[in-house]
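Q: Below are the structure tokens for one structure; questions will follow.
The values are calculated or read from the model by the stated rules, or taken from the named source; none is laboratory data. What you are looking at is a predicted structure, and each value in this text was computed from that prediction instead of being measured. Glycine also receives a Cβ, built like all others from the backbone with ideal geometry; neighbour counts cover every protein chain displayed.
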Amino acid sequence: MFKNLAATLLALSIIIGGIALPDTADAASVSASYSGSFSKSWSKSKTTRDKAGVLTYGYNTLFINEDFSHGYHAKKAHYASVSYGRGSFTSGNVKKGKTAKIEVRHSGSIVRYSMVY
């Protein structure tokens, strides 16, 4: 009897949980790693899977040697980040249609650039 009651309660909680929980969207991201030359300025771009955003990333030598990650998404709030051996640096979260920007002094030989939306 206890097994039947436990099975019934479990089935009921699964059914109610499936009905009561709203649909939620998981965060998605686009990212790239680079380990090539950091002797001169360069820039690359990657489009998001949903084709509504773009990550522009690279290395700039104009004023200081810096890594940058600029993210744009037309439909979702998002933020950009740069990660390397000394840590991870993240822009503030911005609304859809705006550009999230993070620029940090370069360090190391492998850098990861990303945008989460």
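Q: Out of region 45-54, which residues are in a strand (DSSP E or B) and either surrounded by fewer than 20 Cβ atoms within 10 Å (Cβ to Cβ) or free of Cβ contacts under 8 Å to residues at least 40 places away in the same chain (or both)?
A: Initially, region 45-54 is screened for residues in a strand (DSSP E or B), giving 45-47, 53-54.
Correct list: SER45, LYS46, THR47, VAL54.
Q: Could I ask something else about it? List the pairs whose first member sits in region 91-113 and is over 18 Å from ALA52 (Cβ atoms), whose second member is hydrophobic (A, V, I, L, M, F, W, C) and surrounded by fewer than 17 Cβ atoms within 10 Å (Cβ to Cβ), and whose Cβ atoms are under 7 Å apart, counting only residues at least 6 apart or on separate chains?
A: Listed pairs, sorted by first residue: ILE102/PHE89; VAL104/PHE89; ARG105/ILE64; TYR113/ALA32.
Q: Right, something else. Being in contact (Cβ under 8 Å) with a residue 40 or more places away in the chain, surrounded by 14 or more Cβ atoms within 10 Å (Cβ to Cβ) and aromatic (Phe, Trp, Tyr) narrows it down to one of TYR84, TYR57, TYR79, so name that one. Break it down into steps so the answer makes sense when it comes.
A: On the way: TYR84 fails: in contact (Cβ under 8 Å) with a residue 40 or more places away in the chain; TYR79 fails: in contact (Cβ under 8 Å) with a residue 40 or more places away in the chain.
One residue alone meets the criteria, TYR57.
Q: When residues of region 96-117 are filtered for being of a type in the set (A, V, I, L, M, F, W, C) and in a loop (DSSP other than H, G, I, E, B), how many remain?
A: Residues meeting the conditions: 1.
Q: For region 66-95, how many residues are modelled with pLDDT of 95 or more, part of a loop (DSSP other than H, G, I, E, B) and either farther than 15 Å from THR47 by Cα or within 12 Å of the chain's Cα centre (by Cα) (or both)?
A: Result for region 66-95: 6.
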